[in-house]
Amino acid sequence: MSLLAELLRAGTLRPLDHALAQSLRRLDPQTPEPVLVGAALASLAVAQGHAAFDPARPALLAEAESDWPTPTHWQATLAASRWVATPSDPLASSPAEQPLVSEGGLLYLRRYREYESRLAAGLLRLAAAPPPAGDPLALAALFAQLFPQALAGEDRQAQAAALALRRCLLLVTGGPGTGKTTTITRLLALRIAQALDAGRPLPRIALAAPTGRAAERMAESLRAASQRLHGEGVPAAVVDALPDSASTLHRLLGSVPDRPRFRHDADNPLQADIVVVDEASMVDLPLMCKLVEAVATGTQLILLGDPDQLPSVEAGDVLAAVLAAAGDGEALQHEDAGWLAPLLGAPRVQSDITAPLAGHRVHLLRGYRQDAAFELAPLATAVREGDITQALQLLRGGKLAGVDFHETQVDPLTASGAGLLDHWRALADAPDPATALRWAGRVRLLTAVREGPQGARGLNARIEAQLGGQPIGAPPAYFPGRLLLVTENSYRHRLFNGDVGVILRDAEGALVAWFADGDGGVRGFHPAALPAHESAFAMTVHKAQGSEFDDVWLQLPARDARVLSRELVYTGLTRARRRLHLAGSEAVLRAALARHAQRISGLAWRLGGAASHATAPAADATPPAQGQLF
């Protein structure tokens, strides 16, 4: 049996993956088996979130034991195939007639190689652009007012704001509560004051996030931070010019109904002077590529994100790759020291930084959002570092305020004290849709998997049966209080994957699906007119990214699963604002914290090699960050 047939029979390949290989075989019956298998696995890699397939590590995609070709032979066979391009420039386009690309030891579907190449070129273009016009030192008084501790010691929030006056590409990273939104608010205040001081028009500022809920959270946080500036005596002309709304990336770029392209692109860039994107870890490779291409040279792009969260659901782990190219962000380049000294005192300098995007990242460390009644930070740190011993000690000790560990609980719907069903029943009695949506955001049941007794699909079926009265296994019915999760983008409806709505009756008694409109209001749709959707009482952690809830019940499966990782557990528990219920056995938690969420990508190498490597490395070479795992 051929390897291709073996992988199909074992269920490793999807029909779509196998069809790609069969198409190449029909077009050229002499196509070698390693090329056919490589093509199928490159297709499967994208479906599993990778940007490419690494012939040296096929086990990352296929759990079944197989007689794989040796990596050297495999890569040589691919490079010699008529179906595989081998470009010499990591930023140049590859031939359109070849569906596969072998580069940097990885095998790409051509489209995803092009996304990666175009994104790298766009980021390097923005990083090389001259800084915003104006004399930053004229803002010294306002800077001292906004960051009073800057001269007293290292203040990374102040450092990020200072670099925003000197960089057109800025990466601001940090965990929950490290002050990313506060930093951005004060940073934007400086840019606004800079324009007012020079007598120029106010900068056009666009705020965006991958999902509607993330955009709403971003706007809420920025409005609260703006109010604090009023109280601190920052000039009203500056504070009043701060933006008070945010949009989804799809809305910002201008979605075109029933088409994958956007109105804004390289030929029709965004009409903005500053673009700020929150939750950048959620942005997949194609979308980030289209965003960066739509940012004109001279426009400032600021990416915010938590590098320890799960990568995007779709292909790529863009933020992690960009950060790998930018370095750790803990020291400034030597060239910045003298310039920043009047604002920051004597910033720590590292003169031998060689990372290609060095000096474009600031990593925030200090935790600002720490409620006295909720001690999540120690547990989040232990999980992030994969320290299972410390994590179990914290969970079993019962001394973390607001954190409950249910080590033997496998059914969150029968757990005493959880009150999940009572909370959801109350949604049907909400006085209006906006209130119902607000109530819905207080509590959420998160799962690691979709299938199985502890999976989102099975739990939702049981919840629907108890709240709506229909038997388990029957098609989901619409009933007042049912929470809905949109699972595909609909540009026509302006509803996007991850948007959450609620079913309530309108004034005439008809059932209507209500969704937030992004401006504080709601929009109603007949349920039959909605794009693909499912219940949202229980959600996977992936679907909950970009959202926060007062109370979170994080349910792990009864047995280890391949999707479990420390990033998944960290992302799930950091969705909680005030209380966390973590349910799972020691064995499952131990397995999860021992595993990283791995993504294959050449983006970090491409960013690093663009200036110093005129040609891509040979197939048997090891380029910087080859097939980097994130």
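The values are calculated or read from the model by the stated rules, or taken from the named source; none is laboratory data. Owing to the predicted nature of the structure, the values given are computational and were not obtained by experimental measurement. Note that we place each Cβ from the backbone using ideal geometry, even for glycine, and neighbour counts take in every protein chain shown. Side chains included, ligands, DNA and RNA excluded: accessible areas come from the protein's heavy atoms. Shrake-Rupley method; radii C 1.70, N 1.55, O 1.52, S 1.80 Å.
Observations on the structure shown:
- Under Karplus coefficients 6.51, -1.76 and 1.60, residue-wise ³J(HN,Hα) of segment 139-148 in Hz, glycine/proline x: 9, 4, 5, 5, 4, 5, 5, 6, 10, x
- Accessible surface of segment 24-117, 1.4 Å probe, proportion on carbon and sulfur as whole %: 51 percent
- Within segment 456-520, GluC sites (Glu not before Pro) in DSSP loop having at most 15 other beta-carbon neighbours inside 10 Å: GLU488, GLU508
- With R₀ fixed at 41 Å, the C-beta to C-beta distance from TYR478 to ARG111 puts the FRET efficiency at about 0.60.
- 222 nm mean residue ellipticity, helices alone, for the chain (DSSP H n ≥ 4; -39,500 (n - 2.57); rounded to 500): -11000 deg cm²/dmol
- What a 1.4 Å probe finds exposed on segment 425-522 is 52% carbon and sulfur by accessible area, rounded to a whole percent.
- Summed over all non-identical Cα pairs, the Kirkwood treatment of segment 29-178 gives a radius of 19.1 Å.
- All lysines inside 29 Å of LYS399 as judged from Cα atoms, apart from same-chain residues fewer than 8 positions distant: LYS180
- Local net charge near VAL101, Cβ-Cβ under 15 Å (Lys/Arg +1, Asp/Glu -1): 0
- Taking Cβ atoms as reference points and 13 Å as the exclusive limit, the residues near LEU242 contribute a net charge of +3, counting Lys and Arg as +1 and Asp and Glu as -1.
- Computed over protein heavy atoms with a 1.4 Å probe, the accessible surface of segment 191-304 works out to 39 Å² per residue.
- 5 angstrom amide H check on ARG361, placed H, neighbours 5+ away: LEU171
- Carbon + sulfur, % of accessible area of segment 523-617 - ligands and nucleic acids excluded, 1.4 Å: 51 percent
- In order along segment 454-469, the phi-based Karplus estimate (6.51 cos²θ - 1.76 cosθ + 1.60, θ = phi - 60°) of 3J(HN,Hα) comes to 9, x, 4, 5, x, 5, 4, 4, 5, 5, 4, 5, 6, 8, x, x Hz; Gly and Pro are listed as x.
- In the context of the full set of protein chains, residues of segment 534-602 present 29 Å² of accessible surface per residue (probe radius 1.4 Å, heavy atoms only).
- Two-site FRET efficiency, ASP67 against GLU314, from Cβ-Cβ distance with R₀ of 22 Å, rounded to 0.05: 0.10
- Relative packing of peptides 88-101, 187-200, 18-31, 491-504 - highest average C-beta neighbours within 10 Å first: 491-504, 187-200, 88-101, 18-31
- Considering only beta bridges that DSSP places wholly inside the chain, some 40 percent are antiparallel.
- Trypsin sites (Lys or Arg not before Pro) lying in DSSP loop within segment 384-433, provided at most 12 other Cβ fall within 10 Å: LYS399
- Once the 1.4 Å probe is applied to the protein heavy atoms, segment 105-187 comes out at 31 Å² accessible per residue.
- For the chain, the Cα gyration tensor yields ellipsoid semi-axes of 36, 35, 24 Å (square root of five times each eigenvalue, largest first, whole Å).
- Amide hydrogen proximity for VAL512: with H placed 1.01 Å from N in the peptide plane, the residues at 5 or more positions away or on another chain lying under 5 Å are LEU504, ARG505, ASP506.
- Computed across segment 140-292, the Kirkwood hydrodynamic radius from all distinct Cα-Cα pairs reaches 16.4 Å.
- Residue-wise HN-Hα coupling along segment 540-550, computed from phi with Karplus coefficients 6.51, -1.76, 1.60 (Hz; x: Gly, Pro): 5, 4, 4, 5, 8, 4, x, 10, 9, 9, 4
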